[in-house]
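The structure that follows is given in the form of structure tokens.
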Amino acid sequence: MSVLQTPVTHERRPVRFVVFAIVTVLALSGLTTRLVAMQLAGAPAREPAAALAPALVGRQIVTEPVPSTRGLIYDRAKRLLVENVPTFTVSVRPADLPLSQRPDVIGRLSGLLDIAATTITETIDGAIGSRFDPVAIAHDVPEQTARLISEDSLTLPGVEVTVDARRDYLDGPLFTQLIGWTGSIDATAYASLKSQGYLPDDRIGKAGVESVYESALRGMYGVREVEKDGTGRTLRVLSTTTTPQAGDSLILTIDSREQKLAQQALDWGLKLSGAKRGAIVVENPQTGEILAMVSAPTYDANLFSRGISTADFQKLLLDKNLPLMNHAIGDIQPPGSTYKLVTGSGVLADKKLGVTETVLSKPYVQLGSTLFWEWNHAGWGPLDIKDGFAHSSDTFFYQMAQRLGIARLAYWARQYGFGQTTGIDLPAEAGGLVPTDQWKLETLGQTIFPGEVLQAGIGQGYDLATPLQLVNAYAALANGGTLYQPQVVREIVSPDGTVVRPFTPKVIRKIAAPSWVFTTMREAARRVITSRHTYNFVDLPIVVAGKTGTAEFGLRDKNGVLPYHNWFAGFTPKNVWTKDNPTGDVSKPDSQLAFAVFIYDAGTLGNTATEVAKYYLQLHYGIKQDLRLPQLLERTNFYQGGR
Amino acid sequence: MGVLRVERDAPTGIAARVGGVAWRDFDLQLFVYAVLLATLGLTMAYSNTAAQLGGDVAQGGTTFVRGLVWAVVALVAFAAATAFDYTWLKAFSWPIYVVNLALLVASLVLGSSDAVSARWVSIFGLQFQFSEIAKILMIVVLARYLADHDRRLDSLAAIVGACLIVIPPWILVLMQPDLGTSLVFIAVLVGMLFMGGASLRWLGALAAATLAALPLVWTYVLHDYQKERLTSFLDPAKDPLGAGFQLLTAQHAVSDGGWLGAGLTNGAQSQSNLLPVQATDFVFAVLAEELGFIGCLVVFLLFAALLWRILTIAWRSRDPFGLMVGAGVASMILFQIVVNVGMVLGVMPITGIPLPFITHGGASLVSIAIGLGILQSIAMRQQRAEW
């Protein structure tokens, strides 16, 4: 083997080698310096321990949130409606549950809590947030079970029992639609609320005022430092860095006594007539305060605050009578003859009809080849506005609708608040519908037909309204033309009792009609009662004004007959007793009480809504005399006998 | 320069290539430092296994046992690479490049895509990261290219050429997504260009261009979780239960180490398995907690000695290819040390870069073993004058 040197075939660059060596030495020295600072100097560059998750490492000082108390809810007379009661929650902290022990632990929990193991697994795996956040797997656990689980922490690693406050809705189903309930925060809501300090296992208001006033009710989490041992058990509380702030309480405009009476009246009407859906709303026309709001069918909010089962929830969800809906604000239906208020006010204000001018009511109005029938197929001869309203003459109001035209009719409907939400402080309010040429062009591609104008004039056809819109319109009539925004929360009160937000009435608009229009229409509404259109309503020892409505909807049955809803909307003057007000004077806009009753698919001989309203007024004014006519609630069809 | 130009004996066959080399030139120091480091790595694997299982560390399938298996595999790979005549690597560098790309594409396609990363490929039940091997293959290919362009590295064209070679595998690695390895590629490229004598002006210009491109990469290339990890080191306390958790715990563990450490398998955080990925990316935290400052210093010194040996072999190489391989391997190891340890100590962002030898991971160890083997091969095949 030749042993001569292979020539160096490239240029050597000692400087670059030296530079590389220096870089290496500097880098390693830098790291060493950092190590010295962290390991030997005693004080690490950053203090890591305090902020750590409940540590598994020896004893640890940990900061953790201190839950705040959610605000309470009272009625207007400060009667407690919702309170917080202690309840035990079992949670699993996934990071503390070793994978190898997971099936065992879940199996044991499944047995103790009587929840399917698969459900527990799904809950843990579906949890949002970090693995170090506890995932609640069972709420409202009986104290006995909670004790068993918390004492067994050795065989149940990662399982925690916490005491939470649960909302207890004292009157159960009575206020469910209004007050709503709280439930576990879901992923989407959490994503948007995380920045406001919500935790992944928080509960938030999900319906009713619990949801609308969430930010007021909630309060603020406190922060405290606690010392925990290696298993995460709290040894002692060291200090509270931030005191939790209890949420503010709500005082509703609702009077729970009125609410009960209203429910009693509605339940009686529904039971006798066999109807399933309905609503009654009572409002103070001078302020827009809602005094009672009952929606049927209802359910118990406590089902949700205790953690509703999937089966129960499905049942509520699939019920065709929609118990989850607040029918007083969410159900939009044709308002029927109650809507003649709009047509009557409009035609007077637009000077298309004089106050004393008479118009001939007749068996039908003919338009082309179509006959638009009077409801009694006969008519009453010449009628002025008050008698037309009192008899609820369809042919009279067909002609009024023709005089107004669809555009002005829609204008006056919107003036009264139809076709738009009232802005009440409750979620999921529906806006209803006031048909116009433009609306029909956009949705159906045609303008309104002349026949549809007639329909619109009597609250049929495309007209859709909620019971709340109706009571609010009649409240405006009763107070002389001011449309208030209805409210259900009167005041927000801080935990120490100071009023954070006092009650202020909110005016939507002054209806653009002179006051004599409202006086005339109030007198017309009074004549509905005095004309005995509403049978013996007039025999009550109080002055009542109102309007009935029977609105056809849906599809004809095999006899060619349409199902129909019943409505009754009205008010009482301040001077309500007939002994003080023998003439039944309603000319003053001083009413303290407006109401509307809605019965879905009534199908009774008489107007169920009117009977319910009558019963409610009897209860409200404490009238001993019982003028209810149960025979009118016999199930049949008002229109039977055909046309 | 070469006054005498004497041809070496023409190799006559594989036997001659394997046998006919100067085994006395085998760099024993390099080998010893590497073995010591690997032993430390195994020790940490033992400790981590104890943390996971408590008792039966030696039972089949544990981290420790897998570490032993990989150590044997790495030793075999090292021996093979040492015995193999590195000059063949030069000849085959382009096929190697193609194989490299194919492996990366394959791992993208076949990779087990649990979580968001497709970087793992399972071979015979052993999880394997192709991107680790890709680093060594990349060094070989680049060394060949730069050696061919020796003395011409003043030109921008040669530098751009080197970049063009790196870019395709770099993009494939980034797609896995393996941000850490992709950064190692860049470090290796820069180190090799520097040691190869590339014009400092052009290197500077290249660095400036990269800096300018960073905002674009940040906006369009990086995933949110990558950004979160990259920035959490600046203030880990900001999100102590989320992205900053790992860092805070790691720093806590390191601080707890003190001079001598808590002793093997005695680390409080380590043994309660509090550190996420403590067997891999954060293994240094365990080492610092259990072996203390002295243990860390030993590791640093071993690394320094290893790098010194690698640079010595690079210096002695008469062939620019050898120099380049040495430069590449040294740059790779140094960069990984700085980034990994820096991350644990809270001075570098979190990237999934393994600590050579110490991090438990077969591919990383095998890849470095191959690199060192090639260097040994280079060391033994530099003939000297023997008058």
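The values are calculated or read from the model by the stated rules, or taken from the named source; none is laboratory data. Predicted model, so just to flag it, every value in this text is computed and none were measured. Here the Cβ is made from the backbone with ideal geometry for all residues, glycine too, and neighbour counts use every protein chain on show. These area figures cover heavy atoms from the full protein model, side chains too; ligands, DNA and RNA do not enter into them. Shrake-Rupley method; radii C 1.70, N 1.55, O 1.52, S 1.80 Å.
Expected output is a single nm value to one decimal: the length gained when fully extending between A:LYS506 and A:ILE22, i.e. 0.36 nm times separation in residues minus the C-alpha distance. What is it?
The span from A:LYS506 to A:ILE22 would gain 166.5 nm if fully extended.
Right, something else. Compute the relative contact order of region A:534-643 as a whole-number percentage, counting only Cα pairs closer than 8 Å that sit 6 or more residues apart in sequence.
26
So, with +1 on the Cβ of K and R and -1 on the Cβ of D and E, and no other charges, what is the size of the charge dipole of the protein assembly as shown about its Cα centre, to the nearest 20 debye?
Result for the protein assembly as shown is approximately 1620 debye, rounded to the nearest 20.
Another question, if that's okay. Using Cα centres only, tell me the gap between region B:302-318 and region A:181-225 in whole Å.
Taking the Cα centre of region A:181-225 as reference, the centre of region B:302-318 is 62 Å away.
Place a point 7 Å from the Cα of A:TRP516 along the Cα-to-Cβ direction; which residues of region A:458-475 have their backbone N under 16 Å from it?
none
If you plug each phi of region A:185-199 into the Karplus form 6.51 cos²θ - 1.76 cosθ + 1.60 with θ = phi - 60°, what whole-Hz ³J(HN,Hα) values come out, in order, with x for Gly and Pro?
Those phi angles translate into 5, 9, 4, 5, 5, 4, 4, 7, 9, 3, 5, 8, x, 6, 9 Hz.
Ok, one more. Taking only protein heavy atoms into account and a 1.4 Å probe, give the accessible area per residue of chain A in Å².
Per residue, chain A has an accessible area of 41 Å².
Compute for chains A and B the buried accessible surface, both sides summed, probe 1.4 Å, and express it in Å² to the nearest 100.
When A and B are taken together, about 5300 Å² of accessible area is lost.
Report the local net charge at A:SER192: Lys and Arg +1, Asp and Glu -1, summed over other residues whose C-beta lies under 15 Å from its C-beta.
Summing Lys/Arg as +1 and Asp/Glu as -1 gives 0.
Using a 10 Å cut-off around each Cβ of peptide B:250-263, what is the average number of partner chain Cβ atoms that fall inside?
Partner-chain Cβ atoms within 10 Å, mean over residues of B:250-263: 4.
With unit charges on the beta carbons (Lys and Arg positive, Asp and Glu negative) and the dipole taken about the Cα centre of region A:198-298, which residue among A:VAL237, A:LEU199, A:ALA262 sits farthest to the positive side?
Comparing the listed Cα positions along the dipole, A:ALA262 ranks first.
Cα centroid distance between region A:343-372 and region B:32-47, in Å?
101
Would you mind calculating the relative contact order of region A:61-252 from Cα pairs under 8 angstrom and at least 6 residues apart, reporting the percent as a whole number?
34
Identify, among A:ASN84, B:THR265, A:ALA525, the residue whose Cα sits farthest towards the positive end of the charge dipole of the protein assembly as shown, taking +1 on the Cβ of Lys and Arg and -1 on the Cβ of Asp and Glu, with the dipole about the Cα centre.
The one lying farthest along the dipole's positive direction is A:ALA525.
Then there is this: Over region A:61-252, what percent of the accessible surface lies on carbon and sulfur atoms, probe 1.4 Å?
53
On to the next question. For chain A, would you read off the P(r) tail past 33 Å as a percentage of all alpha carbon pairs?
Counting pairs separated by more than 33 Å, the tail of P(r) holds 57 percent.
While we're on this one: Provide the percentage of antiparallel DSSP beta bridges, counting only those with both residues in region A:61-252; round to the nearest 5.
DSSP beta bridges in region A:61-252 are roughly 95 percent antiparallel.
Extending each Cα 7 Å along its Cβ direction at B:VAL347 and A:LYS276, get the distance between those two points in nm, one decimal.
With each label placed 7 Å out from Cα toward Cβ, I get 7.4 nm.
I need the peptides A:21-34, A:569-582 ranked by packing, meaning the mean over residues of other C-beta atoms within 10 angstrom, with the highest value on top.
A:569-582, A:21-34
Sticking with this one: In whole angstrom, how far apart do the alpha carbon centroids of region B:183-221 and region A:159-175 sit?
Centre-to-centre distance over Cα atoms comes out at 61 Å.
Still on this structure: Would you mind putting A:443-450, A:535-542 in packing order, based on average other-beta-carbon counts within 10 Å, highest first?
The packing order, highest mean first, is A:535-542, A:443-450.
So, in nm, how far is label B:LEU110 from label B:TRP88 when the simple model puts each one 7 Å beyond its Cα toward the Cβ?
Between B:LEU110 and B:TRP88, the simple spin-label model gives 2.3 nm.
Sorted by mean Cβ packing within 10 Å, highest first, what order do the peptides A:301-307, A:372-378 take?
A:301-307, A:372-378
Can you give me the relative contact order of chain A as a percent, contacts being Cα pairs under 8 Å and 6 or more apart? It would help to have the intermediate numbers written out before the result.
Values: 1374 pairs, mean separation 86.1, N = 643.
That works out to 13 percent.
Taking the Cα centre of region A:61-252 as origin, sum charge times position over the Cβ atoms of Lys and Arg (+1) and Asp and Glu (-1), and report the length of that vector in debye to the nearest 20.
Result for region A:61-252 is approximately 380 debye, rounded to the nearest 20.
Threshold 40 Å², probe 1.4 Å: give the residues of region B:141-165, in number order, that are less accessible with all protein chains present than with their chain alone.
B:ARG151
Could you check the simple spin-label distance between A:ASP125 and B:TRP23, using points 7 Å along Cα→Cβ, in nm with one decimal?
5.7
With the cut-off at 1.5 for a/c, could you classify region A:375-483 from its C-alpha gyration tensor as rounded, prolate or oblate?
Oblate shape, in that a/c is at least 1.5 and b/c is the bigger or equal ratio.
Name the shape class, rounded, prolate or oblate, that the alpha-carbon gyration tensor gives for region A:61-252, where a ≥ b ≥ c are the square roots of its eigenvalues, rounded holds for a/c under 1.5, and otherwise prolate holds if a/b is larger than b/c and oblate otherwise.
prolate
Percent of accessible area on region A:529-643 owned by carbon and sulfur, 1.4 Å probe?
That share works out to 51 percent.
How would region A:464-508 be classified by its alpha-carbon gyration tensor: rounded, prolate or oblate, with rounded meaning a/c under 1.5 and the a/b versus b/c comparison settling the rest?
prolate
Shielding of B:196-208 by partners, i.e. mean partner chain Cβ atoms within 10 Å per residue? Write out the running numbers ahead of the final one.
Values: counts 3, 6, 1, 0, 1, 0, 0, 0, 0, 0, 0, 0, 0.
Per residue, the number of nearby Cβ atoms from other chains is 1 on average.
If you don't mind, another one. If you count, for every residue in B:336-345, the Cβ atoms of partner chains within 10 Å of its Cβ, what is the mean?
So the per-residue partner count for this stretch is 4.
I would also like to ask the following. Charges on Cβ only, +1 for Lys and Arg, -1 for Asp and Glu, centred on the Cα centroid of region A:391-481; of A:ALA401, A:ILE424, A:ASN472, which one is farthest towards the dipole's positive end?
In region A:391-481, that residue is A:ALA401.
Treat every Asp and Glu Cβ in region A:315-423 as -1 and every Lys and Arg Cβ as +1, leave all other atoms uncharged, and give the resulting dipole magnitude about the Cα centre to the nearest 20 debye.
Details: 10 positive and 8 negative charges, 48 e Å.
Charge dipole of region A:315-423: 220 debye, to the nearest 20.
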